[in-house]
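Take a look at the structure below.
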Amino acid sequence: MSQKQLKEAFISNLNGTSLLEISTGLSLPPLCLLCRGLLLILYYLHHGKPLSSRKYSLLLDFLLLVSPLLFSCTVLSPILFFIPFILAASCAGIFSKIYSRRKREGRAPFGQIVEEFQQARLDPQCIPAITVFRVYVNVLTSISILAVDFPQYPRRYAKAETYGTGVMDLGVGAFIFGNALVCPEVRQQPHTAQPKFSSLGRQVFSVWPLISLGVGRLLSVKSIEYHEHTSEYGVHWNFFFTLALVRLAASLLLAIFPKHKAWMVAAALAVLYQLLLSTTSLKTFILHGSDGRDSRLGFLDANREGLLSLFGYLAIYLASVQVGLWLLQPRSSVRSWLGALRGLALALVALWLLLQLCQACTEPVSRRMANLSFCTWVLAHCLLLLGFFLLTDLALVFTKLLVKGAGVPCCWEVVQPPDGREKHGGEARHRLSQPCLISAINKNQLLFFLLANVMTGAVNILIDTIHSRAAFTLCILHLYMFLNCLIMYILHGRNIVLKFW
């Protein structure tokens, strides 16, 4: 077998992992974020000022927000179930130090802090959990697209061939979910009168970079005979095309139907598509098509997975628009957000029950077809991760109330209380002075993902990844992610946003 054939076989015919292992892995990013936030608060408590050094801030963010994820999906994957407990214990130890220091200084009693926490007013215009969710999906995807070519990345985490729940299968759906959370239909002010098809017009203009990247990826992969897994999307299709068409189709549907009924359109679309899969020969066509997948027999046959899975991804996108609209409902206090978390927990329970029902009555999860089970699974896990980030933010808000004036970048701010007196004016100033890797990546997310793809291709061309040893693999993965993060950090420091569409 040629090197190209070896790498294609290395990422083919896989079956995914368990729902429990994926859920456990999703707890790691919020715990890493919590640990980093608590350390920044502890630093402020000891020094009376925030960590303002860009060099040390980048190293701290990379070591706490990125490096643990690299280890957990490679050499530490056999003990993945223990890692959340280790991180949680570390967070508890740091919080204990903060609380004991506050207690020695004779601050307000704990019960008073709890009451103040529940009544605290948060900035209603900013929900950091959405930003953090989108950035971490990008980071996790960037890690996986290169790590999957190394033997230290468990095969069960890679994309499943037909049925199964791989970590990378979830990443595809999470990208759709994250894009929908900030789409024009969600960000549009509810009382603003705009033409009905204005969002569609903006989407037509905004998706051309995705189409350009899709064409560029297609031409580059074919020209250098780069290894590819044809059954993912087809011969000519790729995820850039999927994301562009889903955004356009969703804008068209949301211009026709009321956006506050997006979940109903999503449910109808997903159920109808599943009925077609179950009652017609559509499933057989997607999975088998014509033997040999000869593109001369038709563009649809050659790219059947990419084209027909659009229905499932569109359903995910529309349902995610509904989630975005729900998140942006006016909530000014911690107490109201705690109530929102209870509603989120009920939605999670309903989705988990629906997932079990779908798998029992129809078929297992299949990213290749983007069936009803896949849509339900993606929504359930994305809501779980989003809920984890919301909890993390609230925990950091509570800790900041213990240490007056402490600030954590990409975390909720406590704004003016009802009496009009500013209680934490220093917090906003400190937050603005603190550099942050999450903010840096968020400013240039598409560039970050593009650089990850380019560097992944370069590494695969230059290195025999399949036969790499563990130490070498970890060095390459850390260097790859650090270079990408460093470029984003430099651009952020110079306030450069490479976006002109």
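The values are calculated or read from the model by the stated rules, or taken from the named source; none is laboratory data. In this text, all values refer to a predicted model and were calculated from it rather than measured experimentally. Cβ: placed from backbone, ideal geometry, glycine included. Neighbour counts: every protein chain shown. Quick note on the areas: whole protein, heavy atoms, side chains included, nothing else; ligands and nucleic acids left out. Shrake-Rupley method; radii C 1.70, N 1.55, O 1.52, S 1.80 Å.
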Task: Exceeding the 22 Å Cα-Cα cut-off - candidates Lys4/Lys159; Lys159/Lys261; Lys261/Lys283; Lys97/Lys404; Lys55/Lys400 - done: Lys159/Lys261; Lys261/Lys283; Lys55/Lys400
Task: Pairwise label distance in nanometres, Val215 with Leu63, each label 7 Å out on the Cα-Cβ vector - done: 4.6
Task: Inter-label distance for Ser2 and Leu252, nm, one decimal - labels placed 7 Å from Cα along Cα-to-Cβ - done: 3.8
TODO: Give the span of the chain's Cα atoms along each principal axis, as three whole-Å numbers ordered largest to smallest.
DONE: 77, 55, 45
Open item on the list: Taking all protein chains in place and a 1.4 Å probe, what share, in percent, of the accessible surface of the chain do carbon and sulfur account for?
Closed with: 66
TODO: Only helices at least 24 Å long along their axis, Cα-based, and averaging 1.6 or more on Kyte-Doolittle count here, so list those DSSP H runs from the chain.
DONE: 239-256, 262-279, 310-327, 372-402, 445-462, 470-493
Open item on the list: Accessible area per residue for the chain in Å², computed with a 1.4 Å probe and the full protein assembly in place, what is it?
Closed with: 43
- [ ] Report the label-to-label distance for Asn495 and Ile461 in nanometres (one decimal), using points 7 Å from each Cα along the Cα→Cβ vector.
- [x] 3.7
- [ ] Assign one of three labels to the range 272-358, namely rounded, prolate or oblate, based on the Cα gyration tensor with a ≥ b ≥ c the square roots of its eigenvalues; rounded applies when a/c is under 1.5, prolate when it is not and a/b is larger than b/c, and oblate otherwise.
- [x] prolate
Open item on the list: What does the charge count around Leu58 come to, taking other residues whose C-beta lies under 15 Å from its C-beta (Lys +1, Arg +1, Asp -1, Glu -1)?
Closed with: +4
Open item on the list: Under the 0.36 nm per residue contour assumption, what length would be gained going from the current alpha-carbon distance of Ser336 and Leu479 to full extension?
Closed with: 47.2 nm
Task: Relative contact order of the chain, pairs being alpha-carbon contacts under 8 Å that are 6 or more residues apart, as % - done: 26
Task: Theoretical FRET efficiency, 1/(1+(r/R0)^6), r = Cβ-Cβ of Lys261 and Ile86, R0 35 Å, to 0.05 - done: 0.20
TODO: Can you tell me which of 210-223, 231-244 comes out highest on packing, and rank the rest after it, using the mean Cβ neighbours within 10 Å?
DONE: 231-244, 210-223
TODO: Please give the FRET efficiency for Lys97 paired with Gln119, using the beta carbon to beta carbon distance and R0 = 25 Å, rounded to the nearest 0.05.
DONE: 0.45
